[in-house]
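The values are calculated or read from the model by the stated rules, or taken from the named source; none is laboratory data. Predicted, not measured: the structure shown is a model, and the values here were computed from it. Because the Cβ atoms are built from the backbone with ideal geometry, glycine has one as well, and the counts that use them run over all protein chains shown. To get the accessible areas, we keep the full protein, side chains included, count just its heavy atoms, and leave off ligands, DNA and RNA. Shrake-Rupley method; radii C 1.70, N 1.55, O 1.52, S 1.80 Å.
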Amino acid sequence: MIGRSLLHLLLLLLLSPLLPGVIGKTKAFFGGRVGPPVLQPYYDLWKLFRKGFVFSDTTTWVFRAGPVVGLAVPVLAALLIPFGALAAPAPFTGDLILFIYLFGLARFFTAAAALDTGSSFEGMGAAREVTFSCLAEPTILLSFIVLARLSGELSLQGMLGPSLAQQWGRGGASLGLVLVCLFVVLLAENSRIPFDDPNTHLELTMVHEVMVLDHSGPALGMILYGAAMKMFVLGAVLVRLALPWETGFLLTDALLFVAGMLLLAVVIGVVESTMARLRLVRIPQVLIGTTMMAAFAVVLVLK
Amino acid sequence: MVIELFCAATVLLLLSGVPGLMTSRSCCTGERVSAVMVVAGSLLGVGAALASFGASPVIFTAPWSVPGGGVLLRIDPLAALFLLPVYLVGAFGTIYALGYWSQREQPATGGRMRLFYGLLVGAMTLVVTAAHGLLFLVAWEVMALSGFFLITTEEMKEEVRRAGYIYLAATHTGTLALFALFTLLGEGTGSFAFPAAGALALPHLATPIFLLALFGFGLKAGIMPLHIWLPGAHAAAPSHVSALLSGVMLKMGIYGIVRLTSFFADIPPWWGVTLLLLGIISGVIGVAFAIAQHDLKRLLAYHSVENIGIIAIGLGVALLGRSYGLPLLTALGLAGALLHVINHSLFKSLLFLGAGAVVHATGTREIDHLGGLLGSMPRTALLFLGGAVAISGLPPLNGFVSEWLIYLGIFNSLESGTLAVRLTALAAPALALIGALALACFVKVFGAVFLGTPRSAAVSGAHEAPLSMLLPMGGLLGACVFIGLWPAALYPALSGAVACWSGGADSVGPLLADSAPPGALSATGVILFGLLLGGIFFLKRRGRGAAGAATWGCGYARPVPRAQYTASSLAEMLLSLFRWGLLPREEGGKVQGVFPRKASFATHTPDAVLDRLLLPLCRGAARGCTWSRAVVQRGSTCFYLLYVALTLGVLLTLSTLLGG
C-alpha cells in the first residue's frame, strides 16, 4: 500500500503542473503563437517558492490557511481515486462523499481567505465561487449515483474499478451523459473558459483568480500548485471514465493514464480556444442544465 | 444505581434556580450555587446515561394519585443518547451565563432566568425518560412553559414579547395535538404507559396517530412549514438560552417522532416518504432563508430548521428501511439522524455562544455592522470558525460524520429490488445542495463578522470574551473535534439506540461498522490536521519578516471599510436563485440625476409562513370577529332577550329531533 501511495503521489506531484502547460500550448497553437514552453508552470512554481511575501495589513492567519488547505486537499483526495488502471491506494466504503466534501473544505478556506483581505473584488470572487459550487455539487452527486448503481459499489475504486469497461456495455447512455456532465463540472470547478477566464485583465469579471489577487510568493505558488493538482485529480476521474481499459502491466497502464491526461488537457485547450466566456448571469443556467442532464442519466439507470 | 443517579441529577437540575431566589439581587452567591448545582447534576446525569448504554433498560415506577397517571421512567439506549446533549449543553450554558448574563450586570432578570433554565433542563431529562403518557405531557408542558419564560427574559422589549407570544401560541397548538395523540394511543393500548418497541399494531389508529405526532412534535422541532416560532424566539432569547433551545429543545420534537415510530410493528412506506420530503423542504428552504438574514442570531435559527431537515431525511431513510425490511437502511439512516442530533446540539450551541460573545462585545446582532473581529477577539473567532466548519458538514469535524452516515443510507437504497426505495437516492443531490448552501452561508457569516476591517465604531472597541465564556465554547469545540476524529467511539451507543428503536436486532453493531467504516475517517482526519498544521507552520516560518502593504484595491489608494463586500452582497447572487421562494422586499437603491443625492438601499426577507400567511390570516380573522361582535352586541336588552329565545328554540328543536 505504501508503494502504491508513493507512486500515486509521485504521479500527482510531478505531472500536475504539466496540465496548465499543455493547455497554454494548445491555446497558443490555436492563436497562431509560439506560446510559453510546456514546462512554464514548473518554472513559475520554482520562482514563486523562492520569493518573499507581501501580506496585506488587514489579513490574519486565516489568509495563510487558504493556500495550505487548497494544497493539502487534492493530495488527500488523490489517495481515494484510481489513476487509470492504477488502483487507489486508500479506498474505503463511502469515500466518494469524503472526496466531494474535501473539496468543500478547500472552498471554505479559499473563500474565507479572500474575505480576509477586506477587498470588495475578492469578496465578489468568493461570492461567485460558493454560488457556482452550490450548483455544481448536485451534478457530481447525481453522477456518482449513476456509477454506484451500475457497479453496486460505494467506494470510488469500486465505482471506477476493473468492471467499468463492462458497465459501458450495460449503461453506456448514462455513462456518456455522466462523462459530459463531469467535464462541464471540471471546467467550472477549475475556473476554465467558458465559466471563468484565468487570463482576463479585469478584476470585475473574474471568479477564481480574483479571490487570490492578494497572495504572493510561496503562498501564491501553493495556490497555483493546488489548483493544478485539483485539475489533475478531477481530470483523473474523467480520464478513467473515458478510457476504462486495463493492460495488466504497470508501466503501460501508467502510460495510458498519462496519455489520457494529456489528451484531456488538449481538449480543455481546444474548448478554451474555440469558445467565448459566458456572461456571468448565464453560468447558473448552464450549471442547472448540467444537473438536469445528470438527473436524466440517473433516471435511465434507476428503472 | 443508574436510576438513583438519574433522579438525583434531575432533582438538582430542577431546583438549581431556587437558592438564587433567596439571596440578594446584588450578590452573586445565587448564580454560583446554581452553576455548581447544574454542573454537578449534569455530571451525575452523564454518568447515568453512559452506564445505561450497554445494559438492559432501567425502569423505575412509583404510584401517582392522578387518575390514570403513574410515574414510569425508562432509561434505554435511545433515551440515554438524547440525555447526553441535554446535560452537556445545559452545563456549558450555565458556566457561560456566569460571564454573559451575570447577576452583577443583569440584577433584575438573573434570578428568574436561572430558575427557568434549571426547570427547562430538568424537564427535558424527564421528557426523554418518561414512559407514561401523562408524565410525558406534564414534563413537556413544564419544558414548554419554562422555554416561554426564558425567551421573554428581556420582556421590556416589544420584539421579545412578540416572539414570546408567537412561541406560546405555537407550542400550545402542538401540545393540543399531543393530547389528542396520547388519548388515541391510550385508546388503542388500554393504558397510558408506552408500549414496547415494535409491539403496537393499530391498523386503524396508526395514520391519525402519526399525523398528530408529525404536527405536534414537528411544531416543536421546527420542521418547515411549522417553524414559525423558531427564528423570532431564538433571536430574542439570551444567547446561552438560544443555544439550549436550538441545540436541545428542538431535539425533543425529534425524540417524540423517533420514540413514537418505534412503537409500531408495521410502518407504512408513506411515513418515510413524508419525512424524507419534509426533510428536503426544511433543509433547502431553511438554509435559503438563513442566507437571506442580516441578524446573526436569526440566521443561526434558520440553520436549525435546515439541520432538523437533515435529521428528518435520515429518519425518513430509516423508516423506509423498516417498511421494506432493509436493516442496512434502518441502521445507517437512524444512526446518522441520531448522531446529527448530538452533533447539531454541539456545534449549534457553540455558534450561539460565539454569537453571544460577539453581541456582548459589540452590542449589535447586525452582521453588516460587524467585521474584523478576529483582531480583537482571536479566541472567539477560532472557536466560531470551528463551529462554522462543523455545521457546514466538512471533514474532519463531526458534522461530516453524521451527514456521511445519512448519505451512505441513501446510497445503499440503490441496492434494493424495489423501484420506490431506489428513488430515495434522489435525496442525495438535495443533501449536497443543502451542504453547499450551508457552506456559502457560513463563509458569509464568518467572513463578514470576523474578517476584513471593522465596519462600525461599536466593533473597534470590542474586547475578547472572559474565560467563563471561552471555556464552555472550547469544551463544545473539543467535543466536535473528538467526534470528528474518533467516530468509532460513538458507534456502540448508536447501534444500541438503533437496536432499541427497531425492536432489538443484535446485529446492528457489526452491520454499521461494516457498511460505514469509521477508522478511515479517523485516519483522514488525523492526516488532514497534520498537513494543515505543517503547512501553516511552514508559511509562518517563511513569512517571518514579510513586508506589509495595503490590500490591492485595483489602483484605488485609500480604501475605506465601507467599500468592503458586505454580507448582503455576498448573499445576493445566491438569493437571486431563490427569489421565487423567498420574495425579498427591497427599498430604495435608485440613484437619480447627474449629481445624485445620498441614497439608501435596504433588503428584508420576511418569513414565508409566518409573515406572509399566518399573520395576515389571523389579522383577517380578528377583523371578522370584531365585525360580527359589532353586529351581535347591539347594547339593547330586547336583542339579548331575542337571542335567549332563539337559542332556547334551537335547543328544543334539536332535542326533540335527536331524542325523539
Qualifying positions in segment A:31-61 - among the hydrophobic types (A, V, I, L, M, F, W, C) and within 23 Å of the chain's Cα centre (by Cα): A:Val38, A:Leu39, A:Leu45, A:Trp46, A:Leu48, A:Phe49
Options A:Val185, A:Val180, A:Val266: the member that is among the β-branched types (Val, Ile, Thr), crowded, with 23+ Cβ neighbours inside 10 Å and over 30 Å from B:Arg544 (Cα atoms): A:Val185
Contact list, first residue from segment B:355-376 and among the hydroxyl-bearing types (Ser, Thr, Tyr), second anywhere and surrounded by fewer than 24 Cβ atoms within 10 Å (Cβ to Cβ) and assigned to a helix (DSSP H, G or I), beta-carbon distance below 7 Å, six or more apart or interchain, is B:Thr362/B:Ala458; B:Thr364/B:Ala458
Can you tell me which of A:Thr117, A:Thr93 is facing chain B (nearest Cβ under 7 Å) and surrounded by fewer than 22 Cβ atoms within 10 Å (Cβ to Cβ)? A:Thr93
Result of the Cβ filter at 6 Å on segment A:38-63, keeping first residues that are in contact (Cβ under 8 Å) with a residue 60 or more places away in the chain and partners that are among the aromatic types (Phe, Trp, Tyr), at least 6 apart or interchain, is A:Leu45/A:Tyr225
Can you confirm whether segment B:426-437 contains a residue that is within 8 Å of chain A (Cβ to nearest Cβ), more than 30 Å from A:Thr291 (Cβ to Cβ), in a helix (DSSP H, G or I) and open to solvent by 20 Å² or more (accessible area, probe 1.4 Å)? no
Of the numbered conditions (1) in contact with a Gly (Cβ under 9 Å, 6 or more places away or on another chain); (2) under 24 Å from A:Glu137 (Cβ atoms); (3) open to solvent by 10 Å² or more (accessible area, probe 1.4 Å), A:Ala254 fails exactly one; give the number of that condition. (2)
Which pairs turn up if I take residues in segment B:89-104 that are closer than 16 Å to B:Ser26 by Cβ and look for partners that are in a loop (DSSP other than H, G, I, E, B) and hydroxyl-bearing (Ser, Thr, Tyr) with beta carbon separation below 9 Å, at least 6 apart in sequence or on another chain? B:Trp101/B:Thr109; B:Gln103/B:Thr23; B:Gln103/B:Ser26; B:Arg104/B:Ser26
Please enumerate the residues belonging to segment A:136-149 that are more than 8 Å from every other protein chain (Cβ to nearest Cβ) and open to solvent by 20 Å² or more (accessible area, probe 1.4 Å). none
If a residue must be more than 8 Å from chain B (Cβ to nearest Cβ) and open to solvent by 30 Å² or more (accessible area, probe 1.4 Å), how many such residues does segment A:45-76 contain? 5
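For every residue, the table says whether it meets (1) in a helix (DSSP H, G or I); (2) at pLDDT below 95; (3) in contact with an Asp or Glu (Cβ under 9 Å, 6 or more places away or on another chain).
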site	(1), (2), (3)
B:Tyr255	yes, no, no
B:Arg259	yes, yes, no
B:Gly279	yes, no, no
B:Val287	yes, yes, yes
B:Ile291	yes, yes, no
B:Gly309	yes, no, no
B:Ile313	yes, no, no
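From B:Gly247, B:Gly222, which residue is touching a Pro at 6+ places or on another chain (Cβ under 8 Å), among the small types (Gly, Ala, Ser) and closer than 18 Å to B:Gly147 by Cβ? Walk me through it before giving the result.
Working: B:Gly222 fails: touching a Pro at 6+ places or on another chain (Cβ under 8 Å).
Unique residue meeting the criteria: B:Gly247.
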Among (1) open to solvent by 10 Å² or more (accessible area, probe 1.4 Å); (2) at pLDDT below 95; (3) closer than 26 Å to B:Ala337 by Cβ; (4) of a type outside the set (A, V, I, L, M), there is one condition B:Pro487 misses while meeting the rest; what is its number? (1)
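Looking for something in contact with a Cys (Cβ under 7 Å, 6 or more places away or on another chain) and either in a strand (DSSP E or B) or touching a residue at least 24 places away in the same chain (Cβ under 8 Å) (or both) - is there at least one such residue anywhere in segment B:56-77? Please lay out each step first, then the result.
First, pick out the residues of segment B:56-77 that are in contact with a Cys (Cβ under 7 Å, 6 or more places away or on another chain): B:76-77.
Next, only the ones that are either in a strand (DSSP E or B) or touching a residue at least 24 places away in the same chain (Cβ under 8 Å) (or both) stay: B:76-77.
Within segment B:56-77, one or more residues are in contact with a Cys (Cβ under 7 Å, 6 or more places away or on another chain) and either in a strand (DSSP E or B) or touching a residue at least 24 places away in the same chain (Cβ under 8 Å) (or both).
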Go through segment B:519-550 and give me each residue that's farther than 17 Å from A:Leu102 by Cβ and touching a residue at least 12 places away in the same chain (Cβ under 8 Å). B:Gly519
Out of the residues in segment A:190-219 that are more than 12 Å from every other protein chain (Cβ to nearest Cβ) and in a helix (DSSP H, G or I), which is nearest to A:Phe144 (Cα to Cα)? A:His208
Where in segment B:495-581 are there helices (runs of 4 or more DSSP H), lying fully within it, with 1 or more residues that are facing chain A (nearest Cβ under 8 Å) and within 30 Å of B:Phe82 (Cβ to Cβ)? B:508-515, B:518-542
Just a yes or no: is a residue in segment B:447-459 open to solvent by 30 Å² or more (accessible area, probe 1.4 Å) and in a helix (DSSP H, G or I)? yes
Filter segment A:228-251 down to the residues that are part of a helix (DSSP H, G or I) and open to solvent by 40 Å² or more (accessible area, probe 1.4 Å), then identify the one that is modelled with the highest pLDDT. A:Ala242
